[in-house]
Amino acid sequence: MDKQRHLISRLADGHFHSGESLAKEMGISRAAVWKRIKTLTDCGLDVYSVRGKGYRLSRVIELLDSNRICVGMSVDAVAGINELQVLSVLDSTNQYLHQRLNEGSIHAVVVLAEFQKKGKGRRGNDWLSPYGSGLCLSLGWHFQSTPGSYTALSLACGVAVCRSLQRLGIGEVGLKWPNDIINNDRKLGGILLESRSETAGCSDVVIGIGINIHLPDSSIKAIPQPVIDISRMRQHSISRNALCGVLIEELFNMLEDYQTRGFTSCIDEWRRLDTLKGREADLVLPDDTLSGEILGIDENGLLLMRVDGDTLRFSSGELSLRVQS
Ligand code: BTN
């Protein structure tokens, strides 16, 4: 375990730890501990330092642990994982898996990071998630034949995320096209699919999922759109490891189904989870903004919108939707 991860795992209990005891355990000087503590704030951690008591985090953090993740999963799902990597700090789990494609297969490889320095969102946006405050997960998948539409696949991933939240009793979730996870018009999570197609007709997809679990107030303010986290939706937060296990299982189930039945495997469920149908919205295109009524999705997952009496279809790409309240 690297020194930073060691330090965080000691502080994760939310209790005070003296600089002296930390220095002794880590085999470094007290000044070096202090320097390392300062780097934790770069990862979005709030560290209190009190003379005579030492250091403590502003809250308890349940760190991710591959054994604890697998405990909550079915035997079949665990057997389906080719590799499960839990990392402390990365630029981006999506970028990491995409790079690994150059070295070999990433099929059923799951990568998690406690903190991403350059977390990627849709349309070139950043994905902000301070250390241990959410889930940052990427799953690699190899398709023998390229799925008809990546838009539909990314919508299906949204259904899998909602299923996993519902299984843990977080039922008040819905979807905002193409694949934002929503509670009460606020964003609880997002999905970013990145693919690479091969000439032989097969393709590899990196499915990146971010879910907010316990965001500090400062992040809620810093993110330029209404956001929410699981701990604000219910009195008790949930186990990050348990959510991770259930999410991996639901993603595997969805992908198995999708490979054989395509989007028909979950289109009805997507439509039930749709939070936009019947609402007025502005659709922001690269060089125009259209206003109209959202009619839902077609069988390929394209957005249907009535604009000036015409029904138009849109694929996800570079679009963004602003719902009128
Ligand atoms: C969105 O903008 O709604 C998509 C957000 C996707 C964020 C996740 S976090 C794990 C994975 N790694 C990344 O860099 N991004 C995705």
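Going through the stretch 246-263 one residue at a time, which ones are open to solvent by less than 20 Å² (accessible area, probe 1.4 Å) and in contact with a strand residue (DSSP E or B) (Cβ under 8 Å, 6 or more places away or on another chain)?
Hits for the stretch 246-263 are L247, I248, L251, L255.
Within the stretch 21-47, can you find the residues that are among the charged types (D, E, K, R) and out of contact with any helix residue (DSSP H, G or I) (no Cβ under 6 Å at 6 or more places or on another chain)?
Residues satisfying the conditions are K24, E25, K35, K38, D42, D46.
Could you please find all residues in the stretch 162-190 being within 11 Å of the ligand (Cβ to nearest atom) and either in a helix (DSSP H, G or I) or under 12 Å from the mean Cα position of the chain (by Cα) (or both)?
N179, D180, I181, K187, L188, G189, G190, listed by residue number.
Considering only residues that are surrounded by 18 or more Cβ atoms within 10 Å (Cβ to Cβ) and near the ligand (Cβ under 6 Å from one of its atoms), look in the stretch 125-136 and name the one that is farthest from the chain's Cα centre (by Cα). Write out each step before concluding.
Kept after step one, since they are surrounded by 18 or more Cβ atoms within 10 Å (Cβ to Cβ), are these residues of the stretch 125-136: 127-136.
So of that shortlist, the ones also near the ligand (Cβ under 6 Å from one of its atoms) come out as 127, 136.
Numbers: W127: 9, C136: 5 Å.
Applying the filter and picking the extreme gives W127.
Considering only residues of the stretch 82-124 that are open to solvent by 30 Å² or more (accessible area, probe 1.4 Å) and of a type in the set (S, T, Y), which is nearest to the chain's Cα centre (by Cα)? Walk me through it before giving the result.
Within the stretch 82-124, the first condition is being open to solvent by 30 Å² or more (accessible area, probe 1.4 Å), and the residues that meet it are 82-87, 89, 91, 95-96, 98-100, 102-105, 107, 117-118, 120, 122-124.
Now restrict to residues that are of a type in the set (S, T, Y): 96, 105.
Working: Y96: 15, S105: 22 Å.
Taking the candidates together, the pick is Y96.
All but one of (1) in contact (Cβ under 8 Å) with a residue 60 or more places away in the chain; (2) over 23 Å from the mean Cα position of the chain (by Cα) hold for L321, so report the exception by its number.
Checking L321 against (1) in contact (Cβ under 8 Å) with a residue 60 or more places away in the chain; (2) over 23 Å from the mean Cα position of the chain (by Cα), the one that fails is (2).
Out of all the residues in the stretch 249-259, is one or more touching an Asp or Glu at 6+ places or on another chain (Cβ under 7 Å), over 17 Å from I209 (Cα atoms) and either assigned by TED's automatic domain parsing to the domain that holds V75 or among the aromatic types (F, W, Y) (or both)?
For the stretch 249-259, residues touching an Asp or Glu at 6+ places or on another chain (Cβ under 7 Å), over 17 Å from I209 (Cα atoms) and either assigned by TED's automatic domain parsing to the domain that holds V75 or among the aromatic types (F, W, Y) (or both): absent.
Of everything in the stretch 191-228, what is hydroxyl-bearing (S, T, Y) and either under 19 Å from K118 (Cβ atoms) or assigned to a helix (DSSP H, G or I) (or both)? Give them in sequence order. Talk me through it step by step, then tell me what you get.
Residues of the stretch 191-228 that are hydroxyl-bearing (S, T, Y), as a first pass: 195, 197, 199, 203, 218-219.
Residues satisfying the conditions are S218, S219.
The values are calculated or read from the model by the stated rules, or taken from the named source; none is laboratory data. The shown structure was predicted, so the numbers you read here are calculated from the model rather than taken from an experiment. All Cβ positions, glycine included, derive from the backbone under ideal geometry; neighbour counts span all protein chains shown. All accessible areas refer to the heavy atoms of the entire protein, side chains included, with ligands and DNA or RNA removed. Shrake-Rupley method; radii C 1.70, N 1.55, O 1.52, S 1.80 Å.
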